[in-house]
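The values are calculated or read from the model by the stated rules, or taken from the named source; none is laboratory data. Note that the structure is a prediction, hence the values are computed from the model and not measured. Ideal geometry is used to build each Cβ from the backbone, glycine not excepted, and the neighbour counts take in all protein chains shown.
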Amino acid sequence: MATLEIKDLHVEIDGKEILKGVNLTINTNEIHAIMGPNGTGKSTLASAIMGHPKYEVTSGEIILDGENVLEMEVDERAQAGLFLAMQYPSEIPGVTNADFLRSAINARREEGQEISLMKFIRELDKTMEFLEMPEEMSQRYLNEGFSGGEKKRNEILQMMMIKPTFGILDEIDSGLDIDALKVVSKGINEMRGEGFGCLMITHYQRLLNYITPDHVHVMMQGKVVKSGGAELAQRLEAEGYEWIKAELGIQDTDVVTEEA
Ligand SMILES: Nc1ncnc2c1ncn2[C@@H]1O[C@H](COP(=O)(O)OP(=O)(O)OP(=O)(O)O)[C@@H](O)[C@H]1O
Ligand SMILES: [Mg+2]
């Protein structure tokens, strides 16, 4: 079993504090969902875990199986088993999807242990078929001209090929049609198991109808303010966030939605 621990994490962007003490522990074999109003720091948490340079960790810890993640460069974090599917995946013209995937897989392997081209192609074909992706997508430049839904599906392809220990999925369900939502969920459920833990950021219960989370967390004001099981997501869908604010005495003016 592996563990990703986030302890009292404080993060600033351009001198403004966005995360104000996030605590969260994810084990492999667990799926966690984070929900919360716009602008409360969910994507900031994802970027900080992955080591985006714009997000300055001012205090707190991120520990992956006893190792200090904050001391690792972005590529070292990926090698250590962390994977982020971004809310807005970037386009990389000039690099084909297949080339990108093969380098990403090999970056996690020792020298001399690289995946053979044959094995890579076999696995890529199989996974793309599983995700109902047209074959030509593998030869297109990464995300270039991909539709919103195609980008999201492609993030799941990457995750299934790279096989990270922890996948952080930022709004993987946004912009998906019903069939794509089912396919993306099928991919995530396929990863579920002993060697994989997942943190899904989502606004909607819809995704959680297909992937039952073990834990649901609510993020507000740059903190995890409430945690529960799958039923918490159902209540949020039905009632919104006002009841949590009332329960915890959170004032709207405290919420970090205003522009700096
Ligand atoms: N690169 C950046 N530069 C300036 N401000 C930023 C940057 N990234 C995030 N912020 C600010 O930090 C706050 C939290 O943003 P974040 O993207 O983490 O929210 P979120 O919870 O993911 O929201 P959403 O549900 O809308 O995706 C917002 O006020 C946002 O404007
Ligand atoms: Mg976001």
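THR25 - would you say it is under 23 Å from HIS217 (Cα atoms), part of a strand (DSSP E or B) and modelled with pLDDT of 95 or more? Walk me through how you get there before you give the answer.
Values: under 23 Å from HIS217 (Cα atoms): yes; part of a strand (DSSP E or B): yes; modelled with pLDDT of 95 or more: yes.
Considered against the rule, which asks whether it is under 23 Å from HIS217 (Cα atoms), part of a strand (DSSP E or B) and modelled with pLDDT of 95 or more, THR25 comes out as yes.
Give me the pairs: first residue in segment 158-176 and surrounded by fewer than 21 Cβ atoms within 10 Å (Cβ to Cβ) and hydroxyl-bearing (Ser, Thr, Tyr), second residue outside any strand (DSSP E or B) and modelled with pLDDT of 95 or more, beta-carbon distance under 7 Å, and six or more apart or on different chains, which are they?
These pairs meet every condition: THR165/ALA2; THR165/THR28; THR165/GLY81; THR165/GLY195.
Residue by residue through segment 1-42, note down the ones that are in contact with a strand residue (DSSP E or B) (Cβ under 8 Å, 6 or more places away or on another chain) and among the charged types (D, E, K, R).
GLU5, LYS7, ASP8, GLU12, GLU17, LYS20, GLU30, LYS42
Just checking: which of the strands (runs of 3 or more DSSP E) contained wholly in segment 41-123 hold 2 or more residues that are surrounded by 14 or more Cβ atoms within 10 Å (Cβ to Cβ) and within 16 Å of ligand 2 (Cβ to nearest atom)? Walk me through it before giving the result.
Values: elements: 55-64, 82-85, 92-96.
Counting at least 2 such residues, we get 82-85.
Restricted to segment 177-200, and to residues that are part of a strand (DSSP E or B) and away from ligand 2 (no atom under 16 Å from the Cβ), which residue is surrounded by the most Cβ atoms within 10 Å (Cβ to Cβ)?
GLY197
Would you be able to say whether some residue in segment 209-223 is buried (at least 18 other Cβ atoms within 10 Å of the Cβ), small (Gly, Ala, Ser) and more than 16 Å from ligand 1 (Cβ to nearest atom)?
No, segment 209-223 has no match at all.
Can you go through GLY36, GLY81 and tell me which one is modelled with pLDDT of 95 or more and away from ligand 1 (no atom under 14 Å from the Cβ)?
GLY81
If I filter segment 154-176 down to residues being under 20 Å from ALA98 (Cβ atoms) and out of contact with any strand residue (DSSP E or B) (no Cβ under 9 Å at 6 or more places or on another chain), which single residue comes out as farthest from ligand 2 (Cβ to nearest atom)?
Step by step, filter segment 154-176, then rank; the result is MET161.
Checking HIS203 against (1) buried (at least 18 other Cβ atoms within 10 Å of the Cβ); (2) within 16 Å of ligand 2 (Cβ to nearest atom); (3) not acidic (Asp, Glu); (4) not in a helix (DSSP H, G or I), which test does it fail?
For HIS203, the failing item is (1).
Name the pairs: first residue in segment 75-93 and more than 15 Å from LYS152 (Cα to Cα), second residue outside any strand (DSSP E or B) and hydroxyl-bearing (Ser, Thr, Tyr), Cβ to Cβ under 6 Å, at least 6 apart or on different chains?
Filtered contacts from segment 75-93: GLY81/THR165.
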